[in-house]
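The values are calculated or read from the model by the stated rules, or taken from the named source; none is laboratory data. None of these values were measured; they are calculated from a predicted model. Counting neighbours? That spans all protein chains shown, and the Cβs are built from the backbone with ideal geometry, glycine included. Quick note on the areas: whole protein, heavy atoms, side chains included, nothing else; ligands and nucleic acids left out. Shrake-Rupley method; radii C 1.70, N 1.55, O 1.52, S 1.80 Å.
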Amino acid sequence: MVYLASRAGDLYGVEGIKTALEEFAAEHPELQVENKGISNGFEHFQGQKITLLKGDYFELSQEHTQGQFDAVYDRGSLVAINPSLRSDYVKVQKGLLARGARILLVTYERIGSPEAMAQGPPYSITENGVREI
């Protein structure tokens with residue numbers, strides 16, 4: 001996030017755990033991230049070229065992000081959610097991505113028995129599984 005904030009335009013991040021956002025802000029004082037309170041169901045942490053939202057990812061919309069994105073870096077949220085929610089994840093992404101947008105998606109694929117592969121989080125997903133959703 002720090003690297004992207006130093007090179008991108010306005011950067012948005014979404015997290016479900018407040019402590020993670022507070023720790024990020026404390027670890028990176030150069031970004032001047034401050035808790036600005038709750039608005040539209042999300043707690044806003046605002047800093048230099050960065051907005052971090054604490055809340056339910058599945059409730060996220062353009063109303064919360066001030067529009068659509070040209071790029072998304074997903075560092076594990078797809079594999080953190082129950083596989084039954086993957087189609088909902090895709091619906092949220094579709095609503096937030098501008099036409100022609102790109103996604104850098106970090107996933108996790110287990111190798112082993114079907115039981116081992118079904119364990120999570122993180123939940124395993126193959127490249128074909130990503131393409132299917």
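Out of the DSSP beta bridges found with both residues in the chain, what percent are antiparallel (nearest 5)?
Approximately 50 percent, going by the DSSP bridge assignments.
I need the P(r) histogram for the chain: all alpha carbon pairs, bin width 10 Å from 0 out to the longest distance, whole percents.
Spelled out bin by bin, the chain gives 11, 39, 34, 14, 2 percent.
Looking at the calculated P(r) for region 32-102, what percent of the C-alpha pair distances fall above 18 Å?
Looking at region 32-102, the distances longer than 18 Å represent 45 percent of pairs.
For region 70-121, which whole-number percentage of the solvent-accessible area (1.4 Å probe, protein heavy atoms only) is attributable to carbon and sulfur atoms? Can you show the working numbers first?
Details: 1920 of 3580 Å².
So the carbon and sulfur contribution to the accessible surface is 53 percent.
Quick one: which residues, 5 or more positions from V72 or on another chain, have an amide H under 5 Å from its amide H? H modelled 1.01 Å from N in the peptide plane, none for Pro or chain starts.
For V72, the qualifying residues are R102, I103, L104.
Take peptides 43-51, 11-19 and line them up by average Cβ neighbours within 10 Å, highest first, as a rough protection proxy.
43-51, 11-19
In a Gaussian network model over the chain where Cα atoms closer than 10 Å are linked, find which of L105, L21, L52 has the largest mean-square fluctuation.
L105
Accessible area per residue, 1.4 Å probe, Å², for region 41-133: what's the number?
Numbers: 5820 Å² over 93 residues.
Per residue, region 41-133 has an accessible area of 63 Å².
Go through region 47-54 residue by residue and turn each phi into a ³J(HN,Hα) via Karplus (6.51, -1.76, 1.60, θ = phi - 60°); whole Hz please, and just put x for glycine and proline.
x, 5, 6, 9, 10, 10, 10, 9
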